[in-house]
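Report on the structure given below.
The values are calculated or read from the model by the stated rules, or taken from the named source; none is laboratory data. Predicted, not measured: the structure shown is a model, and the values here were computed from it. So basically every Cβ, Gly included, is an ideal-geometry build from the backbone, and we count neighbours across all protein chains shown. Ligands, DNA and RNA are excluded from the accessible area calculation, which covers all protein heavy atoms including side chains. Shrake-Rupley method; radii C 1.70, N 1.55, O 1.52, S 1.80 Å.
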Amino acid sequence: MFSRVSALGPSRPLLLRLPCIPCGSEAAMETRGLWTLPGPARTEYKIQRCFGTNSVIYSKKDESSVPVAKISDSVPESQDNKKKKAIKNLLNMVRSMKVEVRTSDILQDTKTHTTKTEKEELKNLGRTSRVSQKAVEDSSLESHQSLRPELVAAATAVADSLPFDKLSVKSELLRQLRKHEKDFRAHQGKETVKISDIISDMKITKSPTSRIYTRPDRQIQFDEGLGFLSVNELLEHDSRKRKGLFMGKRLNVFPVAETAPEEASETETSPTLWDVEFAKQLAKVNQQPPQNAFEEMIQWTKEGKLWTFPINNEGIDDGADFHEHIFLDKYLEDFPKQGPIRHFMELVTCGLSKNPFLTVKEKVEHIEWFRNYFHEKKNILEENNIQFN
Amino acid sequence: MVPFSGTGQIRSYHVDWRMLRDVKRRKMAFEFADERLRINSLRKNTILPKDLQEVADQEIAAFPRDSCPVRIRNRCVMTSRPRGVKRRWRISRIVFRHLADHGQLSGVQRAIW
């Protein structure tokens, strides 16, 4: 029935669709909450919950409003007159809906040839639905009994209101109701859908052979492009080309896991070989091989293998000015001011000051080493009458 | 990971044991370079007393044999050939010819005049 409605096109603003029926404890729980409201307000509230405001009925929303069954569930608990009122209201609403349909139907009648074909279509659909409905009936007889008489009455009212084939409409409606009930029952836990049932219907599909990189001409294999790469490397190259690992818009498919409190310390004292290997593999995963020579040069520059351009010709950049390199006399205070040693050390400092390849620290280390050496060889110096303090 | 330029051959070991020994000598020479320089400056000296210079001679002889830079041989990096090695490229003449003919050496072409 619903398919027929949609087949007529968007000109029909009516959405005739009975909402789903969760009967049982769920509805009962909800109705208990309504006890606090006074009597007439309760029924009004229920009706409004079932159908919403009038505008909702004529809209095309697919959200299921609170079902009809809520009224029916409250029947055994509430009094008889309330039940009658509820049903009356329901039928009134259905009839008001009926009015709306007629106006649009009149509009549609102006298009003569279309209605004829559509009616034929409807008849065909009706036949098929009737056949299917019969099959459903034959298979599940017990479900036929589970529907309440109020629902059946409502379904007949709806079917009457529509200008289509009434019997088929009614049968369609009832089928839908039964299906919803069955689904709810299953959801409650009486029936469980087994995964084997689902899988048994599924076919095994083989994915088509992934496109292998076809070289344009065998002869020109190794001349241009990536002809020297093996098949695996080519596939890697392809996958990398589409998108980098961490680029692209975030899909928000997976929930963001909160950071669990890290464990204090691991029991093992030293990491095992497997751990070391695993860590190495993890580090390697992120280091994809460079795509081209530019990326390779970038990598080398980061490692320090390649100079950074433009080259700094200022010499060793140890942060020291020229006067610190040249005037090294302050380090010669410990040495004697006269004698061959002073002569020797002055030659040393002269040579160091002219050396652009050493840092100041290294030069100072040289001078200090000499001081230490002369301290050690003091006895030899004294033999030759050289004073060293 | 395979680098971009290393798609040909990947060498993870020294070519032979002689190359390995040469590598060891280079490392040691680097370690002792400063001390050798300082003690040599004492030795090759006319100002300081000769006693000191003799002592320095003995000290430098006491250093390990492999610490002197003279024992380093500029072998070919690819084949470990001790002779016929061009200093600028650090490869032997045979490898040089091979690479140059394949265009792997930038700016190197066959001479014609």
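Just a few scattered comments:
- Among B:82, B:49, B:64, the residue with the largest mean-square fluctuation in a Gaussian network model of chain B, with springs joining Cα atoms closer than 10 Å, is B:49.
- Exceeding the 24 Å Cα-Cα cut-off - candidates A:361/B:27; A:354/B:86; A:88/A:170; A:302/B:86; A:378/B:44: A:354/B:86; A:302/B:86
- Under-5 Å amide H pairs with residue B:45, H placed in peptide plane, nonlocal only: none
- Mean accessible surface per residue for segment A:149-189, computed with a 1.4 Å probe while every protein chain stays in place, in Å²: 46 Å²
- Residue range of chain B that is longest and free of trypsin sites (Lys or Arg not before Pro) which are both DSSP loop and sparsely packed (at most 10 other C-beta within 10 Å): B:45-82
- Total accessible surface hidden between B and A, rounded to 100 Å², 1.4 Å probe: 2000 Å²
- Percent accessible area from carbon and sulfur atoms, segment A:305-389, protein chains only, probe 1.4 Å: 51 percent
- Accessible area of chain B belonging to carbon and sulfur atoms, whole % at 1.4 Å probe: 53 percent
- Where chymotrypsin sites (Phe, Trp or Tyr not before Pro) fall in DSSP loop in segment A:347-389, at most 15 other Cβ within 10 Å: A:357, A:388
- Peptide B:34-42 has a mean shielding of 3, counted as Cβ atoms of other protein chains within 10 Å of each residue's Cβ.
- Peptide-level mean, for A:344-355, of C-beta atoms on other protein chains within 10 Å: 1
- In summary, the helical segments of chain B meeting the span-like criteria, namely a full DSSP H run, a Cα extent along the axis of 24 angstrom or more and a mean Kyte-Doolittle hydropathy of at least -1.0, are B:17-43.
- Residue B:12 accessible area, 1.4 Å probe, all protein chains in place, Å² to nearest 10: 100 Å²
- Residues in segment A:376-382 carry Karplus couplings, in order, of 5, 8, 4, 5, 5, 5, 5 Hz; the curve used is 6.51 cos²θ - 1.76 cosθ + 1.60 with θ = phi - 60°, and Gly or Pro positions show x.
- Drop in accessible area of at least 10 Å² in the complex versus isolated chain, residues of segment B:47-72, 1.4 Å probe: B:47, B:48, B:49, B:51, B:52, B:55, B:59
- The residues of segment A:276-307 occluded by other protein chains by 20 Å² or more of accessible area, set against the chain on its own, are A:284, A:287, A:289, A:290, A:296; surface from heavy atoms, 1.4 Å probe.
- For segment A:149-189, the share of accessible area belonging to carbon and sulfur comes to 53 percent (1.4 Å probe, ligands and nucleic acids excluded).
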